[in-house]
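The values are calculated or read from the model by the stated rules, or taken from the named source; none is laboratory data. Because the structure is a prediction, the values reported are computed rather than measured. With ideal geometry, Cβ positions are generated from the backbone for all residues, glycine too; neighbour counts draw on all protein chains shown.
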Amino acid sequence: MNNSKVLYNQKCSICNYEIQHYKKRSSLSFIDCSEMEDKYLKKLHVSFDNGSELSGVDAFIYVWKNTKGYNWLGKLISVPPIKQIAKICYAIIAQLLFWRFKLFVK
């Protein structure tokens, strides 16, 4: 957990609101990626010191499993059929938030 960085778009009001909540309940390291390349603006990312990354639903699962009170949600979303549905829903929502950010915030 200490070798990970959660990259989130601090300028997105929805993303920031959610991450501020997780910050209070975990010891994860959160980094603003609002000035980084679009790859990081399109999805939540977790990067590790060894160069590996998690993104989207997998990144959320990592955050939830390492956030007090959300471990159950990480386990639930990890169940294969639920994870597939979550990935579809997340792809749609993340794309809408990305375009909202690109058009109105940045």
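Could you list all residues from the range 34-54 that are modelled with pLDDT under 90 and surrounded by 16 or more Cβ atoms within 10 Å (Cβ to Cβ)?
Across the range 34-54, the qualifying residues are Ser34, Tyr40, Leu41, Lys42, Lys43.
Can you confirm whether the range 17-29 contains a residue that is under 19 Å from Trp99 (Cβ atoms), without any contact (Cβ under 8 Å) to a residue 24 or more places away in the chain and either surrounded by fewer than 17 Cβ atoms within 10 Å (Cβ to Cβ) or of a type in the set (A, V, I, L, M, F, W, C) (or both)?
yes
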Quiz item: For Val6, are the conditions met, namely being touching a residue at least 40 places away in the same chain (Cβ under 8 Å) and assigned to a strand (DSSP E or B)?
Solution: yes
Practice problem: Collect the residues in the range 1-12 that are more than 14 Å from Ser55 (Cα to Cα) and either at pLDDT 95 or above or surrounded by 13 or more Cβ atoms within 10 Å (Cβ to Cβ) (or both), keeping them in residue-number order. | Solution: Gln10, Lys11, Cys12
Self-check item: Selected residue (criterion: surrounded by the most Cβ atoms within 10 Å (Cβ to Cβ)) from residues of the range 55-77 that are over 13 Å from the mean Cα position of the chain (by Cα) and free of Cβ contacts under 8 Å to residues at least 40 places away in the same chain
Solution: Ile77
Exercise. With the checklist (1) among the hydroxyl-bearing types (Ser, Thr, Tyr); (2) outside any helix (DSSP H, G or I); (3) under 20 Å from Cys12 (Cα atoms) in hand, flag the one item Tyr90 doesn't pass.
Key: (2)
